[in-house]
Amino acid sequence: MKKLVSAGIAALLSCTASVAYADVKVGMITTLSGGGSTLGIDVRDGFELALKQSGNTEIELLIEDDARKPDVAKKLADKFIQKDKVDILTGIIWSNLAMAVVPAATRKGTLYVSPNAGPSALAGKACHENYYNVAWQNDNLHEAMGSHANKAGYKKTFILAPNYPAGTDALKGFQRMYEGELAGELFTKLGQDDYAAEIAQIRASGADSVFFFLPGGMGIAFMKQYAQSGLDVPVMGPAFSFSQDILPAIGDAALGVANSSQWGKDLESDVNAKFVAGFKETYGRLPSLYASQGYDAANLILSAMAKADVSDKDAFRAALKQADFESVRGDFKFGNNNHPIQDIYVREVVKEDGQITNKIVGVAIKGHQDVYASKCRMK
């Protein structure tokens, strides 16, 4: 009997030691309606797929639509923090919304894990121990395309982007690496859908190439109008403008376009194969770059939950910083400013089995860290 009692106590202690840490409440603010909603939908779906595949039941996920409006995003963040008492915020797509939410939220002690927006201000002097970006710093994919433009032999590139934080970061990033001259530089209106004037300026500029950053519906409109114009000048851009969520809407006009990305569905790894197959099975479509980032964001949080209780902020931050998870993009680690150090690839838009998609054709930059990290006070 004593042996049985001892064994029972030992078993009880063993079970107690393996009990999971406290549940984590996550508030997702993302764009689920209006222009750019496909981006937020893919982030949400990728995040939820990671939770489903992990079998985790300790995350309570609350989801709200910001309708791509900074004031709405701010109100939702206040609600999540003050009423719902979330431990972590995530989901924001647009940099102007991130700037409306992240600085105040992180100062209040709420953790923020970004699956997309990475404005330069949050990577440099305004970096914060409660802010982690699992996607990129905004400039990164544009820097990669500047490097690609050099390798492609372009000497006179016309560049354009929307006039908001990510747009200014985009054109700065491209020019940081680009060695040629500019045929022209334009900032368009955020949400613009008519680019006749801009295309006319490109035609008159004598450009030998065009680099643009126009995410979501803006990129669809530009590419369709560009193809209809008959202008025969090569186009290139970051993955944002040629992501899987919008390629079917652009159609054949996108074929052959070079774009930069830290992820591709054809990257060879077990975790990426599991993600791509699981996404297709669950949602009936190919995953986009945004879906991959939502997936990685969830897996980062899960990896931290396995190591620390969210109530112990120092321990949980340290667990997030370790980034001890398998990323679908391959090698991944955080720099001192909690932004990724990662490889960035060049992809080409192709047609496979009748479907328009991307394939990786090379590496643009290896082990790349953003330039703003040196301005961040964190080590």
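The values are calculated or read from the model by the stated rules, or taken from the named source; none is laboratory data. Keep in mind that this is a model prediction, so the values were computed, not measured. Positions of Cβ are generated from backbone atoms using ideal geometry, with glycine treated the same way; all protein chains shown enter the neighbour counts. The area values use the complete protein model at the heavy-atom level, side chains included, leaving out ligands, DNA and RNA. Shrake-Rupley method; radii C 1.70, N 1.55, O 1.52, S 1.80 Å.
When the pairs K151/K366; K125/K151; K74/K366; K189/K359 are compared against a 26 Å limit on Cα-Cα distance, K125/K151; K74/K366; K189/K359 fall above it.
Taking the protein heavy atoms of the chain in the context of the full set of protein chains, the accessible area attributed to carbon and sulfur is 51 percent at 1.4 Å.
For segment 120-204, the equivalent ellipsoid derived from the alpha-carbon gyration tensor has semi-axes of 26, 18, 9 Å in decreasing order. For K307, give me every one of the lysines with a C-alpha distance below 25 angstrom, ignoring sequence neighbours fewer than eight places off in its own chain. By straight Cα distance, K307 reaches K25, K52, K85, K108, K274, K321, K333, K379.
With every protein chain left in place, what is the accessible area per residue of the chain in square angstrom, probe 1.4 Å? Let's see the in-between values first.
Details: 15280 Å² over 379 residues.
Result: 40 Å² of accessible area for each residue.
Averaging the Cα positions of each part gives two centres, and for segment 45-81 and segment 186-248 these lie 31 Å apart.
With R₀ fixed at 30 Å, the C-beta to C-beta distance from L182 to E348 puts the FRET efficiency at about 0.80.
Each DSSP beta bridge with both residues in the chain is either parallel or antiparallel, and the antiparallel ones are about 35%.
How would you classify segment 191-279 from its alpha-carbon gyration tensor, with a ≥ b ≥ c the square roots of the eigenvalues: rounded for a/c under 1.5, else prolate if a/b is greater than b/c, otherwise oblate? Note, shape of segment 191-279 comes out prolate. In the chain, helical runs assigned H by DSSP with n ≥ 4 each contribute -39500 (n - 2.57); averaged across all residues and rounded to the nearest 500, the mean residue ellipticity at 222 nm is -13000 deg cm²/dmol. One decimal place: the segment K379-N336 gains 15.0 nm when fully extended, by the rule 0.36 nm per residue minus the C-alpha distance. Among 144-155, 32-43, the peptide with the highest mean count of other Cβ atoms within 10 Å heads the list, and the full ranking is 32-43, 144-155.
Let me know the Kirkwood hydrodynamic radius for segment 290-347, please, with Cα pairs as the basis and the value in Å to one decimal. Intermediate results must be reported in sequence, preceding the final value.
Details: mean 1/r = 0.0829 Å⁻¹.
When all Cα pairs of segment 290-347 are included, the Kirkwood radius is 12.1 Å.
If you average the sequence gap of Cα pairs under 8 Å that are 6 or more apart and divide by the length of the chain, what percent do you get for the contact order? Worked out over the chain, it gives 18 percent. Given their separation in residues at 0.36 nm each and the Cα-Cα distance between them, N150 and A318 gain 56.6 nm when the chain is fully extended. For A104 and A273, a Förster radius of 41 Å and the Cβ-Cβ distance give a FRET efficiency of 0.55, rounded to the nearest 0.05. In terms of accessible area, using a 1.4 Å probe and ignoring ligands and nucleic acids, E129, E326 rank largest first as E326, E129.
Note on A306 and A249: their simple-model spin labels are 3.7 nm apart, each label 7 Å out from Cα toward Cβ. Overall, the anisotropy analysis places segment 230-357 in the prolate class: the square-rooted eigenvalues a ≥ b ≥ c of its C-alpha gyration tensor yield a/c not less than 1.5, with a/b exceeding b/c. On the basis of the beta-carbon distance and an R0 of 41 Å, Q201 and I63 show a calculated FRET efficiency of 0.50. Each part reduced to its alpha carbon centroid, segment 93-140 and segment 280-294 end up 23 Å apart.
Work out how much length N163 to D194 would gain on full extension: take 0.36 nm times their residue separation and subtract the Cα-Cα distance, in nm to one decimal.
9.7 nm
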